[in-house]
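Student: Questions regarding the structure given below will be posed in turn.
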Amino acid sequence: MEEHSGHRQRLRESFLALGAKAMPEHQLLELLLTYAIPRRDVNPLAHRLIERYGSLAAVLKADVAELKNAGLGEYAATLIALAGAMRNISEKPRKKQRLNNPERAAEYCMQLLRPHRYEVMYLVSLDSGLKPIHEDMVSSGTIDQSTVYPRIIAECALRHAAAYAMLCHNHPSGNPAPSNEDIAMTKMIFSALSGIGIQLYDHIIVGDERAYSMARNVYIPSDINNNNQGTEDKST
C-alpha cells in the first residue's frame, strides 16, 4: 500500500511540476484513475485502457456504458466520462458545417478518427440540414457484425433526435475499401435505422488520409445522396 501511495504522489508531483504535455498518456490516465480507485494499483488498468482504445483521447471519448464494459466500476467510468465531457466543452468545437456531400463528410470523419490507432466506429447524429449534432463511439476493436449492435446505434440516434445518421470507422491497415463484413453490417444498420424513421446518410471508411464513401459507391440507397452536389470524395 505504501508503495502505491508513493507512486501516486510521484505522479501528482510530476503533473504539478512538468504539466500534462510532459507526461506519457498512460501516466495521465493512471493519475486520473487514482481519484476513483484509491486503494489499488491502477497502472495495469491505465495501460489496458490505452491499448484497448488506442489513445488517451479515445478513452476520454468513451461513454460510461462503454467504459464499464471495458472493466471499470461506475465511479471510475463516470470520472473518465466527466473528464472527457469537460474537455469537449472547453475545446473549440468542430465547425458545424453541412455534410451535404461525400467530400465534406470524408474530411469530417478523417478529423474525428485521426487520434485513433486501433479500429473504432462512430455514429454521427445529423439534423435535418445535415449538420452534426453529436458523435457517439459505438464500437472499438475488430469491427464486424458481431461487435456492432443496431439497437445501441438506434438508441444513440433517437437520443439526439437525429433526422439522419452517418457511420464512420477506420481501417488501421490503411486501405479504406470496404470488406464484405463492412457491406453486410452497413445494410443491417440501414435497415435498423429505417425501421425507426432515420435515414442512414453515409458510411465513411478512413485509411491513411483517404476515405471511402459507401453512399457514393451505391451501397446505401438514398434519394438525398443522389441529389447532393459537391466535389469528389477521397475514395480509392
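Student: Any residue at all in region 76-90 that is at pLDDT 90 or above and part of a loop (DSSP other than H, G, I, E, B)?
Tutor: Within region 76-90, the subset at pLDDT 90 or above is 76-83.
Next, from what is left, pick out any that are part of a loop (DSSP other than H, G, I, E, B): none.
Within region 76-90, not a single residue is at pLDDT 90 or above and part of a loop (DSSP other than H, G, I, E, B).
Student: If you scan region 40-56, which residues turn out to be aliphatic (A, V, I, L, M) and under 18 Å from the mean Cα position of the chain (by Cα)?
Tutor: Our first condition is that a residue be aliphatic (A, V, I, L, M); within region 40-56, this holds for 42, 45-46, 49-50, 56.
Listed by number, the residues that qualify are Leu49, Ile50, Leu56.
Student: Separate question: Determine which single condition Ala46 fails, assuming it passes every other condition in (1) surrounded by fewer than 21 Cβ atoms within 10 Å (Cβ to Cβ); (2) over 24 Å from His134 (Cβ atoms).
Tutor: (1)
Student: When you look at Val59, is it under 15 Å from the mean Cα position of the chain (by Cα), closer than 28 Å to Asp208 by Cα and among the β-branched types (Val, Ile, Thr), yes or no? Let's see the steps before the verdict.
Tutor: Numbers: under 15 Å from the mean Cα position of the chain (by Cα): yes; closer than 28 Å to Asp208 by Cα: yes; among the β-branched types (Val, Ile, Thr): yes.
So Val59 fits the description; yes.
Student: Here is a list of conditions, (1) surrounded by 21 or more Cβ atoms within 10 Å (Cβ to Cβ); (2) modelled with pLDDT under 90, and Leu67 meets all of them except one; can you say which number that is?
Tutor: Result: Leu67 passes all but (2).
Student: Of the numbered conditions (1) buried (at least 21 other Cβ atoms within 10 Å of the Cβ); (2) touching a Phe, Trp or Tyr at 6+ places or on another chain (Cβ under 8 Å); (3) more than 21 Å from Gln97 (Cα to Cα), Met185 fails exactly one; give the number of that condition.
Tutor: For Met185, the failing item is (2).
The values are calculated or read from the model by the stated rules, or taken from the named source; none is laboratory data. This is a predicted model, so every value here is computed, not measured. When we count neighbours, we look across all protein chains shown, and the Cβ atoms used for this are built from the backbone with ideal geometry, even at glycine.
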